[in-house]
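A quick write-up on the structure given underneath.
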Amino acid sequence: MTVAIAPSHTLQGVAAADFESLLALRLRAMRLSLTQLGRYDENRARERLEAGFDPAQTQHIVVGGERVGFIVLKRLSHALRLDHLYIDPPRQRGGIGSQVMRWVCQQADDELLPLELCALKGSAAHRFYLRQGFAVTGEGDWDHDYLRMPTTPSLRAVRRLWAAFQARDWAAARAVLREDLQAVSRTSGERFDGADAYIAAHRGRPEGWTVHLLELVHLQDGRVLSGVRLDQPAQTHFVTSLWLVDDGLITALDETWATVEPPPAWRTHLPGRSLFDPRDDARARQP
């Protein structure tokens, strides 16, 4: 069976006889990362792929008629599990992995199932999976465990709002807000009564700002939590918001803004302290 995932990208079925070629591709894709960790072992790689190999759950990634990678996507009782995703090194960094991952995430969203996977520590895949909305949920000696919860209608509403803000599409932003929206800004001590007042607060912001979505989580009580970094020419802000969504429209939010600033001098010599750039965040993605 062939599944189209983009104009020139398809997924095609695998036969048992394809195992050796899949193994060779996996070795090419993993050689550099495993060698850097001192873990490159072709026998171990064969054993791991062979142990879970099921042609029915494995698919070739085909671009323009050429096999450039493969995935193993398994359906468990509680989740979908992406056991393997490999792109041949000469075809990496061309957006193929992102296209495939968007398709995989859509399958999980359509069934409202979590999506889980495991990836090697220290590999470039770490930043890739964080940008796809995964969270690190555990770790072993050599691997990280990742989990992505399905995107609900409430999450989509909040994502659409931030995307509309980034695009300066004020009509689209207004369309996702209920008329009687109630918004609270904790840091500034302001309330905004009604959707138009809230839109005006963002529309009036001096230009030059860029939205980076860091977190988007559906809480157990039904609210949505979003974490956003908003970069301006002279300042960087972090915005944590709690949203109420009803029937696809945002009805209320409670947000707190923090501005990036140097740490106080009294913490300079504290043991165990180190500095990092808060703008260098692997989770940051366009909403």
Scan of the range 210-254 for residues that are closer than 25 Å to Ala171 by Cβ, among the charged types (D, E, K, R) and not in a strand (DSSP E or B), ordered by number | Asp247
For the range 182-199, how many residues meet the condition of being in contact (Cβ under 8 Å) with a residue 24 or more places away in the chain, out of contact with any strand residue (DSSP E or B) (no Cβ under 6 Å at 6 or more places or on another chain) and surrounded by 13 or more Cβ atoms within 10 Å (Cβ to Cβ)?
-> 1
Only one of Glu116, Glu139, Glu66 is assigned by TED's automatic domain parsing to the domain that holds Thr10 and at pLDDT 95 or above; which?
-> Glu116
Quick check, is Ala79 small (Gly, Ala, Ser) and at pLDDT 90 or above?
-> yes
Residue hits (the range 169-181; loosely packed, with under 14 Cβ neighbours inside 10 Å and either assigned to a strand (DSSP E or B) or at pLDDT below 95 (or both)) are Glu179, Asp180
Take Phe19 and decide whether it is in contact (Cβ under 8 Å) with a residue 12 or more places away in the chain and outside any helix (DSSP H, G or I).
-> no
State whether one or more residues within the range 260-283 are part of a strand (DSSP E or B), modelled with pLDDT under 90, touching a Leu at 6+ places or on another chain (Cβ under 8 Å) and not assigned by TED's automatic domain parsing to the domain that holds Ala197.
-> no
Of the listed residues (Leu34, Leu22, Leu85, Leu76), the one being among the hydrophobic types (A, V, I, L, M, F, W, C), under 26 Å from Pro114 (Cα atoms) and surrounded by 12 or more Cβ atoms within 10 Å (Cβ to Cβ) is Leu85
Would you point out the residue of the range 79-110, among those that are without any contact (Cβ under 8 Å) to a residue 40 or more places away in the chain and over 20 Å from the mean Cα position of the chain (by Cα), that is farthest from Pro150 (Cα to Cα)?
-> Pro90
Among strands (runs of 3 or more DSSP E) completely within the range 53-146, the ones holding 1 or more residues that are out of contact with any strand residue (DSSP E or B) (no Cβ under 9 Å at 6 or more places or on another chain) and not β-branched (Val, Ile, Thr) are 66-75
Quick one: count up the residues across the range 8-33 that are out of contact with any Pro (no Cβ under 7 Å at 6 or more places or on another chain) and either more than 22 Å from Arg67 (Cβ to Cβ) or of a type in the set (Val, Ile, Thr) (or both).
-> 1
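The values are calculated or read from the model by the stated rules, or taken from the named source; none is laboratory data. Just so it is clear, the model here is predicted, and its values are computed rather than measured. We place every Cβ from the backbone using ideal geometry, glycine too, and count neighbours over all the protein chains shown.
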